[in-house]
Each structure stands twice: as C-alpha cells, then as structure tokens.
1. Residues to consider are 64, 134, 104; find the one that is over 12 Å from the mean Cα position of the chain (by Cα), within 20 Å of residue 25 (Cα to Cα) and modelled with pLDDT under 90.
2. Taking only the stretch 18-67 into account, find how many residues are under 19 Å from residue 79 (Cβ atoms) and not hydrophobic (A, V, I, L, M, F, W, C).
3. With 87, 49, 70, 53 as the choices, which residue is out of contact with any Gly (no Cβ under 6 Å at 6 or more places or on another chain), hydrophobic (A, V, I, L, M, F, W, C) and either at pLDDT below 95 or open to solvent by 50 Å² or more (accessible area, probe 1.4 Å) (or both)?
4. Which condition from (1) surrounded by fewer than 19 Cβ atoms within 10 Å (Cβ to Cβ); (2) assigned to a helix (DSSP H, G or I) is the one that residue 26 breaks?
5. Only one residue in 104, 97, 116 is surrounded by 13 or more Cβ atoms within 10 Å (Cβ to Cβ) and not β-branched (Val, Ile, Thr), so which one is that?
6. Looking at (1) of a type in the set (Ser, Thr, Tyr); (2) modelled with pLDDT of 95 or more; (3) within 12 Å of the chain's Cα centre (by Cα), which is the only condition residue 78 fails?
7. Of all residues in the stretch 73-84, which are touching an Asp or Glu at 6+ places or on another chain (Cβ under 6 Å) and open to solvent by 40 Å² or more (accessible area, probe 1.4 Å)?
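The values are calculated or read from the model by the stated rules, or taken from the named source; none is laboratory data. In this text the structure is predicted, and so the values were computed from the model without any measurement. Virtual Cβ from ideal backbone geometry, glycine too; neighbours counted across all protein chains shown. Ligands, DNA and RNA are stripped out before the accessible areas are found, and what is left, the full protein with its side chains, is counted by its heavy atoms. Shrake-Rupley method; radii C 1.70, N 1.55, O 1.52, S 1.80 Å.
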Amino acid sequence: DMRLHGIDHFTIRCHPDELPMLLAFYTAALGLTPGPRPSFDFAGHWLYADGRALVHLAANDPSPPALPAATGRLDHVSLRTSGLVQARERLDRCGVPYQELPVPGMPLHQLFLRDPTGFKIELTFDAAEASTAPGG
C-alpha cells in the first residue's frame, strides 16, 4: 500500500535577483545549511536540516521581482521545530517579526513568520517548551 510519511521539502520559485536575500533569510533566520544540489540549468540552493534538503530555492522565475505571487489555496508550510527560546532569539537577532500562538486544545505552540517574498512559514513546537520558556 502507498503511505505518506510527511513533507519531504518545499520549493520557493524566485527571480535570480531575489536568490541572495532568500538564501540569507533561510540560513540566518531558520538556521538551514546550503548543501549538495543537482546541476540544474538555473541557479538555486538546496538548504538542509538534519541531513535533509528541506527547502529548495529555484531561481527560475523570469518575471521581475514584484509583489508576492498568490499561492492559490496554499497558505503556509509548517516545520516541526524544537528550541523555542533559541528560535525567538534567532528571529529577534535577524529582525524577523513573528506572531506567537498556542494551538487551542492541542499540545502545540506556533510561531508564524514570513520570508522576504512574503511566503508564510509556521514553526511548530511542543507546548511544553512554551510553558517553561521565558516570555512564553
């Protein structure tokens, strides 16, 4: 039988001029690490977490940078995360605003933020971290 095991990666299409700011955001604000990438015929980066290429940046959008493109019905991507105190510190240090919300009735705590193109990302933590974290 076919079974799904979780999200493998997500891809952000961008104009080549946007690639440096996206690379800087995903490495500095989220702590991902650039790693091996196939030799596609367009620029980009594969960014790794725990040995997995979690975020693919693909500079294959020929349109000039403009307002963030609509993503249809896709609202955001959630990344399971640990280290709530360190995440807050990292985002604050990088000047990335975020909204913090507990999940009603579930043992989850979320931070919502946007990358430089406006794409929404959710960092999902165990609620126990919020109850013990300063500022939580």
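1. Every option except 64 fails the conditions.
2. Selection size over the stretch 18-67: 12.
3. Within the list 87, 49, 70, 53, the selection yields 70.
4. (1)
5. Every option except 116 fails the conditions.
6. All conditions pass for residue 78, except number (2).
7. Selection gives 76, 78.
Condition check ((1) part of a loop (DSSP other than H, G, I, E, B); (2) under 24 Å from residue 8 (Cα atoms); (3) within 16 Å of the chain's Cα centre (by Cα); (4) among the aliphatic types (A, V, I, L, M)) across all residues:
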residue: 88; (1), (2), (3), (4): no, no, yes, no
residue: 113; (1), (2), (3), (4): no, yes, yes, yes
residue: 116; (1), (2), (3), (4): yes, yes, yes, no
residue: 129; (1), (2), (3), (4): no, no, no, no
